[in-house]
Each structure stands twice: as C-alpha cells, then as structure tokens.
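What follows is a set of notes on a single structure, which appears directly below.
What follows is calculated from the coordinates using simple rules that are stated; it is not laboratory data. Since the model is a prediction, treat every value here as computed from it, not as a measurement. Cβ coordinates were reconstructed from backbone atoms using ideal geometry, including for glycine residues, and neighbour counts include every protein chain displayed.
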Amino acid sequence: MENQIKNAGQLAQSRCVPCEGGVEPYTVAMTEQQLTHLSGWRLTHDNQRIRKDWKVKDFVAGIDFFQQIMQVAETEQHHPDVHLESYRKLWVEIWTHAIGGLSENDFILAAKIDTLPVDGKPSA
C-alpha cells in the first residue's frame, strides 16, 4: 500500500487492502492533504483517526445509516467505530488499528461512506 493522494471518486472506486502492520501511517501533512478531497472529515485522537459527524432525521434513520455502513465495512473488511448519541447525533471514526494511525484504507472507507444515502446532514 503506497501513500498517494487521490480524489474522492478514485478513493470510492478503490478497494481496501488487508493490513497486518508493516505499513507506514500517513503523516499529518499527507492526511491533511488527503482530507481536502473528502467533505466533512477531520482529524482526531492526536492526528491518528478521522471522524465525520451527522445529524440524522430520527433514531430509525441513524440505525439505517449504521446498517449501510456495516455492509460497506464488511465488504471492505475494514471496520470503523460508529456512534449514535441522543438518538440523532451520529459519528464515525476510522483508523487502521494494525498501524495505530491512518492508511489509504481509511480514506477509501470514508469515501465509500460518503456515497451512502443518509436521512440527515453532516454537522460541524
């Protein structure tokens, strides 16, 4: 897996590659550059994860979105942390556990999540 910057379309068309470690995580500079191609995602946890937040219509819309994310995550074999708070606030955090930081897989999954329909809107 080589660290190279891709636009959202290129990422969404890519596939996650199994990672068991031994891959250099993205630098903060590379991560920030890659994030310019993804809407609403931001760095968290000392620049080792990316996160996006949404405010969904209601509890059912949140669970529906979670199920869609689960299907993509299972297909890609790359699993994010998903959270639902106060029945309408939803957020997703992604990172590559095996390297304790960010890899191209994380941005691929983020781009694929961004293609999913959600009954709500990204929140800041």
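Using θ = phi - 60° and the Karplus curve 6.51 cos²θ - 1.76 cosθ + 1.60, what whole-Hz ³J(HN,Hα) does each residue of the stretch 27-37 get, with Gly and Pro shown as x?
Ordered by residue, 3J(HN,Hα) equals 6, 4, 4, 5, 4, 4, 5, 5, 5, 5, 9 Hz.
Once every DSSP H run of n ≥ 4 in the chain is given -39500 (n - 2.57) and the sum is divided by its residues, what mean residue ellipticity at 222 nm do you get, rounded to the nearest 500 deg cm²/dmol?
-10500 deg cm²/dmol
Determine the sum of side-chain charges near Lys89: Lys and Arg each +1, Asp and Glu each -1, restricted to other residues whose C-beta is under 13 angstrom from that of Lys89.
So the environment of Lys89 carries a net charge of +3.
What is the set of long-range amide H partners of Gly120 at a cut-off below 5 Å, with H atoms built 1.01 Å from backbone N?
Lys57
Under 19 Å from the Cα of Lys55, which aspartates and glutamates turn up, not counting those fewer than eight places away in the same chain?
Asp64, Asp81, Glu85, Glu93, Asp114, Asp119
Need one number: nm distance between label points at Val60 and Lys6, each 7 Å from Cα along Cα→Cβ, rounded to one decimal.
Going from the Val60 label point to the Lys6 one covers 3.6 nm.
Take every Cα pair under 8 Å in the stretch 80-124 that's 6+ residues apart, average their separations, divide by the length, and report that relative contact order as a whole percent.
Relative contact order of the stretch 80-124: 22 percent.
Hey, what did the stretch 26-123 get for relative contact order, percent, Cα under 8 Å, at least 6 apart?
36 percent.
Taking Cα centroids, how far is the stretch 36-78 from the stretch 93-124 in Å?
What the calculation gives is 5 Å, centre to centre.
Test of understanding: extend the Cα→C-beta vector of Trp91 to 7 Å, then name every residue of the stretch 105-124 with backbone N under 15 Å from that spot.
122-124, by backbone N distance to the label point.
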